[in-house]
1. Once the Cα atoms of helix 71-85 and of the chain are each reduced to a long axis, what angle between those two axes, in degrees from 0 to 90 to the nearest 10, is obtained?
2. If the elastic network links every pair of Cα atoms under 10 Å, which of ILE342, ILE152, ILE375 fluctuates the most in the Gaussian network model of the chain?
3. Given springs between every Cα pair under 10 Å in a Gaussian network model of the chain, which of THR177, THR162, THR313 has the largest fluctuation?
4. Run the helix sum for the chain: -39,500 (n - 2.57) per DSSP H stretch of 4+ residues, divided by residue count, reported at 222 nm to the nearest 500 deg cm²/dmol.
5. Which residue, chosen from VAL31, TYR105, ALA76, occupies the Cα position most advanced towards the positive end of the dipole of the range 1-111, where the dipole is computed from +1 (Lys, Arg) and -1 (Asp, Glu) charges on Cβ about the Cα centre?
6. Averaging over all projection directions, find the projected area of the Cα convex hull of the chain and quote it in nm² with one decimal place.
7. I'm checking a number: the convex hull volume of the Cα atoms of the range 139-276, normalised per residue, in Å³. What is it?
8. To one decimal place, what Kirkwood hydrodynamic radius in Å is obtained for the range 48-281 from all pairs of distinct Cα atoms?
Amino acid sequence: MLELSARAKSISPSPTLSIDTKTKALKASGVDIVNLSVGEPDFPTPDRAALAGVAAIANHFTRYTDVSGILELRQAIADKLLTENGLSYSPSEIIVSSGAKHSLYNIFMVILNPGDEVLLPAPYWVSYPEQIRLAGGVVVPMPTDESTHFKITPAQLEAAMTDKTKAILINSPSNPTGSVYTPEELQALAKVIEAHDIFVVSDEIYEQLIYGVHHYSIAKYSDKLKDRTFLVNGFSKTYAMTGWRVGYVAGPAPYVKAMSSFQSHTTANPASISQKAALGALGTFDPKHREEFQARRDYVLNELLELNGVTCTKPEGAFYLFPNVKAVLGKTLRKNNGETAILTTVDLLCEELLTEMHVSTVPGTGFGAPDNFRISYATSMDQLQKAMDRMKDFFGRIE
Ligand SMILES: Cc1ncc(COP(=O)(O)O)c(C=O)c1O
């Protein structure tokens, strides 16, 4: 067999997707799995969006569109950014892509030269480091832990800057920790960033999923910073539209233009039907979903804190909990069949939780956090109760 490229060989498959595949295989073989590994809301796409998609098909809106997305949608996104985020953008400063993951990849491909460093607060969403490396960049992780609610500090940021730093990534609310930076915290970071000539990639895809706090975009800090910030958002999480694949970037026009040229030679426009559906979705976020997520978070967090050897900070956003299991790593699990297993790593712990208890979660290793695992509470309360009962049993058998 002819060899794969070095680039292809350097990529690790998405750990969230591989757990999902294992989970689906077990489910298909008839096992009663509780799946807490998914990164998508369990609510349906809003009717207005779905009907707009259907109408697009019926009206034969099924051809190529502007590479950057139809003007109508970019204008509607600009209106949303002004009314909801207090940020003024023109449609020429907005590019729509096939999901926010695609948007992020476009950004890294147009701003990074080989060797350019990107500051990445850890724990991080699994695709950031892979995308940065694929674009030739160097990942500089900035470790955080529970003591700062997984948030970087201005001093830490200042210390991480080098003459090779090209960008910093901010993801608030965060996947996987659920942490949300306060406006004051972001302003303090912005002050440091402003003094250096670097880009900001601000992934705000979970902006609507916040519980008792406010979302603030770092682009609001100053015009100077806004001119170097890529604000990334999309329809997957807010509108439960993961399968439609629509995301966008708002940023400085020359860079957005470069992204459009890049996109023109890779995927071209995002699906015409999905763009119409996205247009239908804007403004239909249902605050009841937020309340439902918050109730689930509170329930799972309280249950987690009862478990033997588990600690967990209270996340203020997204739909994940990120418990710490350092205290049980290296300990012994008594299995259902009478055998024992030593839980040397969190990967092993999550695997045993899946095979023994049929609860699917994601180990923190891929997120840069080997003492933690990720629980998604984007599933029904019934399923969550079942999962927590099983986990109580599991953690009770670790000694
Ligand atoms: C932090 C973060 N950013 C971006 C994305 C990508 O979302 P999509 O490509 O579905 O728009 C995800 C999806 O899980 C995410 O968690």
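1. For helix 71-85, the angle is close to 60 degrees.
2. ILE342
3. Greatest mean-square fluctuation among the candidates belongs to THR162.
4. Numbers: 14 runs with 157 residues, N = 399.
Only helices count here, giving -12000 deg cm²/dmol.
5. With unit charges placed on the Cβ atoms, the residue in question is VAL31.
6. Working: hull surface 84.1 nm².
Reported value for the Cα convex hull: 21.0 nm².
7. Working: hull volume 18.9 nm³, N = 138.
Spread over its residues, the Cα hull of the range 139-276 gives 137 Å³ apiece.
8. Details: mean 1/r = 0.0558 Å⁻¹.
Kirkwood hydrodynamic radius for the range 48-281: 17.9 Å.
Readers should treat all values here as calculations from the given coordinates under stated rules, not as data from a laboratory. Source: prediction; values computed, not measured. All Cβ positions, even for glycine, are placed from backbone atoms using ideal geometry, and neighbour counts span all protein chains on display.
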